[in-house]
1. As a test, work out the antiparallel percent of DSSP beta bridges whose residues both lie in the chain, rounded to the nearest 5.
2. Considering the Cα positions of the range 12-111, please state its Rg to one decimal place and its Dmax as a whole number of Å.
3. Around residue 43, which amide H atoms from residues at least 5 apart in sequence, or from another chain, sit under 5 Å from its own amide H, with H modelled in the peptide plane?
4. By how many degrees, 0 to 90 and rounded to 10, does the Cα axis of helix 96-122 deviate from the longest principal axis of the chain?
5. Please give the peptides 108-118, 37-47 ranked by average Cβ packing (other Cβ atoms within 10 Å per residue), highest first, as a rough proxy for protection.
6. Add -39500 (n - 2.57) for each DSSP H run of 4 or more in the chain, then divide by its residues: what number comes out at 222 nm, to the nearest 500 deg cm²/dmol?
7. What is the Cα centroid distance between the range 42-98 and the range 1-35, reported in whole angstrom?
8. Could you tell me which of rounded, prolate or oblate describes the range 23-80, using a ≥ b ≥ c as the square roots of the eigenvalues of the alpha-carbon gyration tensor, with rounded for a/c under 1.5 and, failing that, prolate when a/b is larger than b/c and oblate otherwise?
Amino acid sequence: MKQKIIGTFFMGRTEVELVLREGDGGEFYIAPERGKIPRIKIGADVKEWRTIVSVLLHESLELVMDDMYLRYRTSKEIAGDAASYLFIFNHSPQFSEICARVGDFITDALPVLATEWKKWKHK
């Protein structure tokens with residue numbers, strides 16, 4: 001699978017690696033391999049920039065909520081469908097902290113991601 005590492009950016013006190021990959025959608029990895037930092041992968045084969053931004057926000061928010069122990073499974077099912085997650089947090093301080101961490105990350109990541117996604121599209 002074709003991939004392009006965009007860079008490593010702070011999300012609060014945690015560094016996160018951002019990667020463009022073939023396809024669409026996205027995912028995050030808390031511990032992708034032994035000794036590696038968290039990673040977000042975004043599918044670059046989409047027509048609109050807004051889709052990239054939406055996936056970046058989705059994965060960033062979910063990664064932070066998981067890191068803050070705010071993401072819960074509603075059942076003990078073996079299949080582990082991501083649709084079964086429930087997020088529980090208060091407005092302040094938890095939601096404010098989520099926004100601060102994600103804001104930190106996307107402020108630095110978006111300009112680089114935009115440049116690399118445009119290059120990806122034109123290849």
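Each reported figure results from applying straightforward, stated rules to the coordinates on display, with no laboratory input. These numbers were taken from a predicted model, which means no experiment stands behind them. Backbone-built Cβ (ideal geometry, glycine too); neighbour counts: all protein chains shown.
1. Around 75 percent antiparallel, to the nearest 5.
2. 14.1, 40
3. Close amide H contacts, sequence-distant or interchain: 21, 25, 26.
4. 20 degrees
5. 37-47, 108-118
6. Computed ellipticity for the chain at 222 nm equals -13000 deg cm²/dmol.
7. Going from one Cα centre to the other spans 14 Å.
8. It is prolate, given that a/c is not under 1.5 and a/b is the larger ratio.
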